[in-house]
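Engineer: Sharing a structure with you now.
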Amino acid sequence: MLEYIINFSKNQKAKSITLEVNEKNIPAIKLYEKYNFKTVGTRKKYYNNTYDAILMTLTLNT
Ligand SMILES: CC(C)(COP(=O)(O)OP(=O)(O)OC[C@H]1O[C@@H](n2cnc3c(N)ncnc32)[C@H](O)[C@@H]1OP(=O)(O)O)[C@@H](O)C(=O)NCCC(=O)NCCS
């Protein structure tokens, strides 16, 4: 699904993809890092008023 979204976004000539992921969701963070997403920020206590959301962006070379 992630590859589909990346390819779809490239076809749409998007410049970047940004997502948010729970700081505790290590498998998901690792997956996004494998696809070259970089951490660009956080939303404090975004999940359940407890855990931070990590914002990650993939810059697309269109
Ligand atoms: C996100 C998801 C697709 C990742 O699947 P996956 O790549 O098969 O996950 P794995 O179990 O192989 O774990 C990935 C890595 O995280 C590591 N990991 C898993 N739990 C961990 C933990 N608690 N602490 C540290 N590392 C951990 C694994 O060792 C593995 O490391 P490696 O790549 O260096 O071998 C899967 O977890 C999923 O479907 N999650 C539910 C939906 C979801 O969270 N979506 C994202 C919403 S933002």
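The values are calculated or read from the model by the stated rules, or taken from the named source; none is laboratory data. Computed from a predicted structure; not experimentally measured. No Cβ is skipped: glycine too gets one built from the backbone with ideal geometry, and neighbour counts run over all protein chains shown. The area values use the complete protein model at the heavy-atom level, side chains included, leaving out ligands, DNA and RNA. Shrake-Rupley method; radii C 1.70, N 1.55, O 1.52, S 1.80 Å.
Engineer: Can you pull out every residue in the range 13-26 that is within 6 Å of the ligand (Cβ to nearest atom) and either open to solvent by 100 Å² or more (accessible area, probe 1.4 Å) or touching a strand residue (DSSP E or B) at 6+ places or on another chain (Cβ under 8 Å) (or both)?
Structural biologist: The one that is within 6 Å of the ligand (Cβ to nearest atom) and either open to solvent by 100 Å² or more (accessible area, probe 1.4 Å) or touching a strand residue (DSSP E or B) at 6+ places or on another chain (Cβ under 8 Å) (or both): 21.
Engineer: Return yes when residue 45 is open to solvent by 90 Å² or more (accessible area, probe 1.4 Å) and away from the ligand (no atom under 14 Å from the Cβ) and no when it is not.
Structural biologist: Yes; evaluated as a whole, the condition is true for this residue.
Engineer: Continuing with this model, one more query. List the number of the failed condition for residue 10; all other conditions in (1) part of a strand (DSSP E or B); (2) of a type in the set (D, E, K, R); (3) open to solvent by less than 100 Å² (accessible area, probe 1.4 Å) hold.
Structural biologist: Unmet for residue 10, out of (1) part of a strand (DSSP E or B); (2) of a type in the set (D, E, K, R); (3) open to solvent by less than 100 Å² (accessible area, probe 1.4 Å): (1).
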